[in-house]
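Before any comments, here is the structure.
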Amino acid sequence: MSSGNASEQSRRFCVLSWEQVQRLDSILGETVPIHGRGNFPTLSVQPRQIVQVVRERLEERGVAVRNVRLNGSAASHVLHQDTGLGYKDLDLIFGVSLPDDQAFRLVKDVVLDCLLDFLPEGVCKERISPLALKEAYVQKLVKVCNTADTDRWSLISLSNNTGKNVELKFVDSLRRQFEFSVDSFQIGLDSLLLFDRCSETPMSESFHPTVLGESVYGDFQEALGHLSQKTIATRNPEEIRGGGLLKYCHLLARGFRPTSEADMKTMQRYMCSRFFIDFPDIGEQQRKLEAYLQNHFAGMEHKRYECLATLHDVVNESTVCLMGHERRQTLNLISALALRALAEQNAIPTVTNVTCYYQPAPYVRDINFSNYYVAHVHSLMPPAACTNQTPYQTWLPCN
């Protein structure tokens, strides 16, 4: 490796400060409930416990774990807690080898088996099958083995009713590991977990393990500056998956801004195009949007409308790959979801006599409104047929 490449690689890493190590230790020690469906009890686990148990079981079954890392919003919170983003999911990455389908099945079986360890005392564990555990505690199960993109990984998301899911990702290879620089951080957990097992002396400022953070975006300090300054930046935006559009709008709604107007327009065009490639059908779009709102705004429902209004503006301004009818379908869907978000906040007064200005498309008829509502919608305007109305036009979905 040349000295230039070595220097570039070294800038990806940074040793965490004592304050950051303390925040990391607090997150790993926080008790997180994993809620069971039906009659299954809630499991109380600490992230450090589940990491240790899963790692031990994998190695007992012959699966070597290269390292374990904290990723996503929790890692960003450890590095800089004053962004206003907070964190929801606990994203834990296990570096493993997944050469074939048997390895994928083994990883899933190990995780389900580990859940038995966290069941309360008195529960008859022998009668609980792996399938029952999956149905009770797994929110999402994903397997990716795309040889074209050299992506081989699996994800097991454990349920939490408040949106703070424990996400266990087992990665053999993953070409694109981030969307924006502010979510590109990964923090190695091995040294801290080893300290837990081996040290009888509690951590202190003068005696604590060296914990290394990495920005897979590239320059660690540059990415950390973006995080502290609420800046949206990325590399190769054409590689971002379709869901990146929703993350981008979420960041905009939370006060983050692109580095420049030109960067913003380029990113938005790429992300809109990829969104419609990955979710071409209106039903798929609705499912993706509703799942994103459910997973990222639990406990922050008041932010849903703002995010949807931002998404409407971005899709309206930057979509260049759709026919007019398809574009209007998507915009109408976003409008209906935004209006429902307002209704759920009781932000729209119920009225008895109102004029209905447009008929929504059939695909949004399953969005339930308990009554007629009148809305003062600023950025979500009615379709073209109603543009003769004032910017603060009252409009609402029909039955």
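Any idea which residue in segment 318-367 is nearest to residue 301 (Cα to Cα), counting only those that are β-branched (Val, Ile, Thr) and modelled with pLDDT of 90 or more?
Among them, the one singled out is 334.
Looking only at segment 1-15, count how many residues are under 14 Å from residue 221 (Cα atoms) and either modelled with pLDDT under 95 or in contact with a Lys or Arg (Cβ under 9 Å, 6 or more places away or on another chain) (or both).
Number of matching residues: 6.
Hey, can you tell me all the residues within segment 210-269 that are aromatic (Phe, Trp, Tyr), part of a helix (DSSP H, G or I) and within 29 Å of residue 190 (Cα to Cα)?
220
Taking the options 233, 223, 253, name whichever one is over 30 Å from residue 192 (Cα atoms), under 20 Å from the mean Cα position of the chain (by Cα) and crowded, with 20+ Cβ neighbours inside 10 Å.
When all the criteria are applied, what remains is 233.
Looking at segment 191-205 only, could you name the residues that are open to solvent by 20 Å² or more (accessible area, probe 1.4 Å) and under 29 Å from the mean Cα position of the chain (by Cα)?
191, 194, 196
Filter segment 25-77 down to the residues that are among the basic types (Lys, Arg) and over 30 Å from residue 232 (Cα atoms), then identify the one that is surrounded by the most Cβ atoms within 10 Å (Cβ to Cβ).
Only one residue tops the list, namely 55.
Can you tell me which condition residue 159 does not meet? The list is (1) out of contact with any Phe, Trp or Tyr (no Cβ under 9 Å at 6 or more places or on another chain); (2) small (Gly, Ala, Ser); (3) surrounded by 14 or more Cβ atoms within 10 Å (Cβ to Cβ), and all the others hold.
Among (1) out of contact with any Phe, Trp or Tyr (no Cβ under 9 Å at 6 or more places or on another chain); (2) small (Gly, Ala, Ser); (3) surrounded by 14 or more Cβ atoms within 10 Å (Cβ to Cβ), the lone unmet condition for residue 159 is (1).
Can you tell me which residue among 92, 98 is more than 14 Å from residue 189 (Cβ to Cβ) and open to solvent by less than 10 Å² (accessible area, probe 1.4 Å)?
98
Sort out which residues of segment 42-76 are part of a helix (DSSP H, G or I) and within 28 Å of residue 227 (Cα to Cα), and write them in order of number.
47, 48, 51, 72, 73, 74, 75, 76
Anything in segment 206-220 that is under 22 Å from residue 262 (Cα atoms) and either at pLDDT 95 or above or within 19 Å of the chain's Cα centre (by Cα) (or both)? List them, or say none.
Scanning segment 206-220 gives a single hit, 217.
Taking segment 162-190 as the search range and keeping residues that are open to solvent by less than 30 Å² (accessible area, probe 1.4 Å) and assigned to a loop (DSSP other than H, G, I, E, B), which one is nearest to residue 13 (Cα to Cα)?
184
The values are calculated or read from the model by the stated rules, or taken from the named source; none is laboratory data. Since the structure is predicted, the reported quantities are computational estimates derived from the model, not experimental observations. All Cβ positions, even for glycine, are placed from backbone atoms using ideal geometry, and neighbour counts span all protein chains on display. Calculation scope for accessible area: heavy atoms of the full protein, side chains included, ligands and nucleic acids excluded. Shrake-Rupley method; radii C 1.70, N 1.55, O 1.52, S 1.80 Å.
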